Structure formats: structure tokens, C-alpha cells
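Laboratory data are not the source of any read-out in this text; all were calculated from the coordinates shown. All figures in this text were calculated on a predicted structure; none of them were measured in a lab. Heads up, the Cβs are rebuilt from the backbone with ideal geometry, glycines too, and the neighbour counts pull from every protein chain shown.
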Amino acid sequence: MKSYLPFIAILFTTLSASAQNPDYSLRMAWFNQNGSARNVATGGVMGSLGGEITANHVNPAGLGLFKTNEFVLSPGFLLNNNKFKYRGTDTLNNKNNFGYGASGIILSSNYKNNRKWTSSAFALSVNQLASYNNRIQFKGFNNMSYFSEQYLEELTRDLADTNAALSNYIFGSSLAFRTFLIDTANNASGNFIGYQSLVPLSSGVNQSYDAITRGGYHEIALGMAGNMEDKLYVGGSLTIPVISYTRDLVYRETDATNDPNNQFGFFEFKENFTSRGLGVGAKIGTIYKPKDYWRVGFAIHTPQFISFKDRVRASMTANTETYAGLRSENSDNLNSGNPGNSNYSLITPWRAIVSASYVFREIKDTRRQRAFISADLEYVNYRGSRFAAEDENDQALVNYYDMLNNVIKDTYKGNINFRLGGELKFHTVMFRLGGAYYGSPYKESELKAHRIMATGGVGYRNKGVFVDLSYAHAFNRDVQFAYRLNDKPNTFAEQTGSRGNVMLTFGFKF
């Protein structure tokens, strides 16, 4: 399957590496709701329930339901089962790792003297919004396009002479040129007319992509909420996103014919990429009880402003057989042993949540409540992400990010996520079920993507101590690109499979 996506070529210079693409923005926006084990077990609903530490990261007004102090820890474990289909070839892999959910402390205050504001609460918590620990691996035969075409596009676009090809693109095109994967093209008179690739497209190549990713999207939240006569709750939280992301990529193309005389045996490109981000944002919300059994909630998550520092190193080995033999080159040799550096900012999409809950036997003594059912409807404006250059005086970078932002608007769209869950309580023991659907962020219908979740769990509460255990199973569908081109349809891997999330929360009231 192919899809034409307008895409700007990556700009590389000798001292910096600006290699962001639309996928980077999506990494900060398209993720499942994560929280405590109770929240995970009920499908992630928290827009109108409140009384739970996850509210600090979803609708801070829910903190207003607290009238006691609470300490919470939520360790977890993630199980990735991936399936990729690339040009008719299936690849399977598994990768498991530790994670965590909403953890922290809540401090409450109760007011007397017939005040309208009957109580308030303060919370400091941390939550892992997304885990990047995974393995993206696929392979297949391709006679439609090849990896080094992106270098041909780059050199042609820039009208690069041979000196530029040797030294100005040290994390991509220069590596290909120095290993003779890319070489000059001359006319019959021997004059330079451009560049050519040694990869034999007509007979096709076997391609393989293998990326191991690590890190996570973490959020520290400092929240406050007030309770007006146990009817209206309002709250807000200051959020600090902390991003860590590492990708070790090995991409390889080999000759599908095994012909020793066609001047191509294989090439292998390796890249180590790290990204660190720190930012700020806010979340505000309200919960209202129109009747004793009903709660309705509304929350807005403002865009988060995140400053990033990226580092990249790359190397290439190519065997062009009788043409130039086996050659290797790496970016350290071309950059005095230093990695490529890129500093920039990202504004994430805003999101809005509307929610309703029905609580059976809704009374002030929560120990006597018997059950609830709740639903969240969330809108996320995925096309609203915006990159910006840290150095506004660097016009080349400013132009690059302007073009990238236009690509984001052309590639993504806003969409709806839906969550539904409930709990049934028998004195000290609770049983929970839930589910969720996360719609595709892609504008093109050919890019099929969604996430469907089935969740469940149990809980125990007695004398101020609570323990919750949950399991969430996400059925994933997405697409992964090995490379993108401007002059022809892009080919991609279809990703399916699942991710399991085991979460244990324990805590106590004080």
C-alpha cells in the first residue's frame, strides 16, 4: 500500500541536525489515557468522577471531592506484541518493560462556619502519559522506491556541488556520497549533470527496518480544587511535561538478485537519536452535580510548550562491489567527534473533555456507595502541533519549521476519543470493567489507524488502606514509514498487534 504525503526534505548542516518530521508531533499527542489502576480498569474515565489522584491529570476539579489526605503509588508493566506488514511480508516481535501510572500525594482541607466553599484539596502527582519502549521492525521486497532516493532529492533540491555533497549533509547524504552509494552522474562529454544512486531499482532490493525505542512522556502536575456545597467543583493544575526518547535504528538494503556484477551488494545505515524535552502547560475543569446521582464534567487541556534538545549520530556502510568496493563513513569523522545538535520548541495540541457519570446510592459517606458508570468524550486537535526554531535569527531554520508546520496541517486532523467504564462495589471489594476507542489522527483515509481498549480490574479498600489491580489490553493499528519521498508515492508498514498494561496501585489515607 502506498500513500502520497507532501513532505519536506530533512535539512542537514555541518554543525546542526534538524531532523524533525510530523511523526515527532504525533508522539506527544496520540496516546491512551493512563493513570492509577482504578482508572485504567474503568477504561480511563475521569472527566466527571473525581475523588481519585488521576483527576489531577485529566480534570483537576475532581480533586475537590477529596476530604481526607491520601498517598498513592502505581507501578506497572507493559507487554508489547507487534505485527508489521510491509509490502506483503509479515514481521512479529515482542518487547516488555516496566512503567507506572498516577502517583503522588493529596492534601485536603475542610471548612466550617457555614461557608459556601466546604472543602479544598491540593495535589502533587506524576503520571506516565506515554511509554516509548518498543521495537519497530519490518522488512520486505521493494522495486518501487529505495532509501537513498531521499538523498538524491536533497542534493538535487539544493543544487549541491561535489564539495557540498562531501561535507554539508553529514548525517545522511554526505555519508551516502562518501561510501559511493550516491555518486556523480556525467553526460557523454564527461560533464557533471547531477547525482545517481547505485541501488538497482529495476530488479528491486530487500529492505529491513529495525528501530529500538526507549523513554517516555512523563507529566508532573501541581493541582488545586475547591468544593462548593458538594454541588460544584472547580480546579486547575500546572503541568510540567518531561520527555525522554531514544531510538537506535538499523536500516539495510540488500541486492535481491545476488548478482556480483551489478555494482550493488548492500548498504547499512545506523543512527542513534536522543531527544530530551521540558515544558509547561495547564489543565482546568469543573464538575457539577445537577441531581444527587448525576455528575457532569468539562475540562480543557491547554497546549503544552516544550523545549527540546536533540542529539544524533549516524554511520553508513555500502558495498558497491566492482564500482568502489566496501566503504564506511560516520558522522563523528565529519564533525570532530561531536553529535549533531538541534534545539527547538514544540507546542502540543489542545484537547477538551466532556463527561457524565451516574453514581448509584450517591451519598456523602462514600463507603456506602454501591456502583457507578461513567463516560468521557475527548476531542484532540492533532493538526494543531507547531514547531519553532530556538534561534529566530536563523532564517533557514525558521523557514524549515514553517514548512514542517504546514505539513502537519496537511497530514493530521482533529478527532474524537471515547471512554466508558464502571465499578461494582461489595463492601470492601470492587470489580471494574471498561473500554475505550481512540480515533485516527491521520487526514488521509488510506492511513488506517485506531486504538481499541478492553479493561478490567479489582480493588480492595478497608480502614484507609487500598490496593487496586488492573489490566488493559489495547488493540493497535497504525502505520510506520521507513523513509519519505517527495517525487513518488510513499510506501509504509501497516502495524497491528496489541499492548497489555498491568497496573498495581496501593495507597493509604491519613
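May I ask you to list the aspartates and glutamates whose Cα is less than 12 Å away from that of residue 139, ignoring any residue fewer than eight positions away on the same chain? Straight-distance partners of residue 139: 90, 210, 253, 494. Using the rule -39500 (n - 2.57) for each DSSP H run of four or more residues, divided by the residues of the chain, the 222 nm mean residue ellipticity is -3000 deg cm²/dmol.
How many times 2.2 N^0.38 Å is the alpha carbon radius of gyration of the chain?
Computed over Cα atoms of the chain, the ratio equals 1.12.
Please state the shape class of segment 374-427: rounded when a/c is under 1.5, otherwise prolate if a/b exceeds b/c and oblate if not, all from the C-alpha gyration tensor. The shape class here is prolate. The angle between the Cα long axis of helix 395-411 and the longest principal axis of the Cα atoms of the chain comes to about 60 degrees, rounded to the nearest 10. Taking a sphere under 9 Å around the Cβ of residue 41 and counting the other residues whose Cβ falls inside, with K and R at +1 and D and E at -1, yields a net charge of 0. Cross-link pairs exceeding 26 Å in C-alpha to C-alpha distance, out of 425/509; 112/509; 309/448; 283/463; 283/413, comprise 309/448; 283/463. For trypsin sites (Lys or Arg not before Pro), the sites in segment 429-466 that DSSP calls loop and that have at most 14 other Cβ atoms within 10 Å are 463.
Selection among 307, 64, 92 by position relative to the dipole of segment 2-509 gives 64 as farthest towards the positive end (Cβ unit charges, Cα centre). Bridging of residue 95 to lysines at a Cα separation below 17 Å is possible for 83, once same-chain residues fewer than 8 apart are set aside. Sorted ascending by nearby beta carbons within 10 Å, beginning with the fewest, 430, 144, 503 become 144, 430, 503.
Determine the sum of side-chain charges near residue 265: Lys and Arg each +1, Asp and Glu each -1, restricted to other residues whose C-beta is under 13 angstrom from that of residue 265. Around residue 265, the surrounding residues sum to -3.
Taking K and R as +1 and D and E as -1, what net charge do the other residues with C-beta under 12 Å from the C-beta of residue 465 add up to? In short, +1.
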